Amino acid sequence: MKRTAAIALGSNLASEWGDREANLREAIGRVGELGELRAVSTFYDTAPVGFAEQGNFLNGAMLLATDLEPLELMRALLEIERAMGRDRATGIAKGPRTIDLDLLLMDDVILPGASGPVAEKETDVLPDLTLPHPAMAERRFVLEPLAEIAPAMVDPLSGRTVAELLVALTG
């Protein structure tokens, strides 16, 4: 069964593929091999969050229709990161990176940490993955590009659309 996955991407280092934008384009091509690429946002230059002693990021979002299950997709995204030079195990948390790929939403899938009436739905529990992404609603650099390509996509926990989450964050 094909599901639509919303994926955030970011880069703030040059690599063998070129500058930040070249890294994003390389990652988009690789992610596109995991299904059918439905949409890609424009890229946004954003200040780092958390670890501030680093260069600005170039951020974007994409929609992918895929037959992969959520955990399979997340593992594939992590493999793309590794192949493009990112090592989450040894890198600085929130530090500089050639590529960052985060699975934000996958249709109405809810994985660990769900609460409230929506969580009473039958869901597969995958301990390595939390969906929706737990920090998505707090990150303008994620919501802004996602709202550009999927404003009506719904966060199944809150019941709010991506556009509504962005308005709630930015006022």
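Numbers below:
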{"item": "Among ALA89, ALA150, ALA22, residue whose mean-square fluctuation peaks in a GNM of the chain (springs only between Cα atoms under 10 Å)", "result": "ALA89"}
{"item": "Local net charge near THR66, Cβ-Cβ under 14 Å (Lys/Arg +1, Asp/Glu -1)", "result": "-1"}
{"item": "Candidates ALA147, ALA137, ALA93, ranked by Gaussian network fluctuation over the chain, Cα under 10 Å, top entry", "result": "ALA93"}
{"item": "Debye, to nearest 20: dipole size of the chain, +1 on Lys, Arg Cβ, -1 on Asp, Glu Cβ", "result": "260 debye"}
{"item": "Probe 1.4 Å, all protein chains present, accessible-area order of GLU16, GLU69, largest first", "result": "GLU16, GLU69"}
{"item": "GNM flexibility winner over the chain from GLU21, GLU53, GLU148 (Cα, springs under 10 Å)", "result": "GLU53"}
{"item": "Rg/Rh ratio calculated on Cα atoms of region 1-86 (Kirkwood radius)", "result": "0.98"}
{"item": "Read-out Cα Rg over 2.2 N^0.38 Å, derived from the coordinates shown; its label in (1) 0.99; (2) 1.03; (3) 1.13", "result": "(1)"}
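The values are calculated or read from the model by the stated rules, or taken from the named source; none is laboratory data. These numbers come from a predicted model, not from an experiment. Ideal geometry is used to build each Cβ from the backbone, glycine not excepted, and the neighbour counts take in all protein chains shown. Accessible surface areas use protein heavy atoms only, side chains included; no ligands, DNA or RNA. Shrake-Rupley method; radii C 1.70, N 1.55, O 1.52, S 1.80 Å.
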